[in-house]
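Structure, as structure tokens:
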């Protein structure tokens with residue numbers, strides 16, 4: 001059975017959910033959207049910061065912490081963004097870090113240069 005999490009983040013127009021739980025795993029998608037739904041207009045550092053703040057908000061809405069995140073997939077539009085993303089990323093996670101893969105790809109959301117998918121263990125969370 002799956003449970004959709006109300007993250008409190010702005011929802012887009014696409015038929016998707018931002019966070020859901022199934023079998024003790026939280027699945028989260030995060031983009032650099034601001035509270036008003038606009039994409040953060042800054043460069044990779046600002047967009048990574050906003051994306052990871054949104055990820056943290058989603059994880060916490062599920063009753064977990066960033067230390068419960070076990071895997072992260074980062075999608076960037078340009079290889080040149082990797083070092084800037086990595087510098088900000090390190091501020092949001094503690095050792096042992098989540099397993100991570102980074103991909104260079106085109107993104108659908110206009111103005112977004114980063115998107116993150118993550119999975120977190122929420123088996124210890126009381127529901």
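Just so you know, all these numbers are worked out from the coordinates, no wet-lab data involved. Please read all numbers here as calculations on a predicted model, not as lab measurements. We place every Cβ from the backbone using ideal geometry, glycine too, and count neighbours over all the protein chains shown.
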| region 41-63, residues that are crowded, with 21+ Cβ neighbours inside 10 Å and either within 18 Å of residue 98 (Cα to Cα) or over 14 Å from the mean Cα position of the chain (by Cα) (or both) | 44, 48, 51, 52, 54, 55, 58, 59, 62
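Can you name every residue in region 33-48 that is assigned to a loop (DSSP other than H, G, I, E, B) and in contact with a strand residue (DSSP E or B) (Cβ under 8 Å, 6 or more places away or on another chain)?
Applying the first criterion (assigned to a loop (DSSP other than H, G, I, E, B)) to region 33-48 yields 34-38, 40-43.
40 - this is the single residue of region 33-48 that is assigned to a loop (DSSP other than H, G, I, E, B) and in contact with a strand residue (DSSP E or B) (Cβ under 8 Å, 6 or more places away or on another chain).
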| Filter result (in contact (Cβ under 8 Å) with a residue 60 or more places away in the chain and surrounded by 13 or more Cβ atoms within 10 Å (Cβ to Cβ)) within region 7-32 | 12, 21, 25, 26, 27, 28, 29, 30, 31, 32
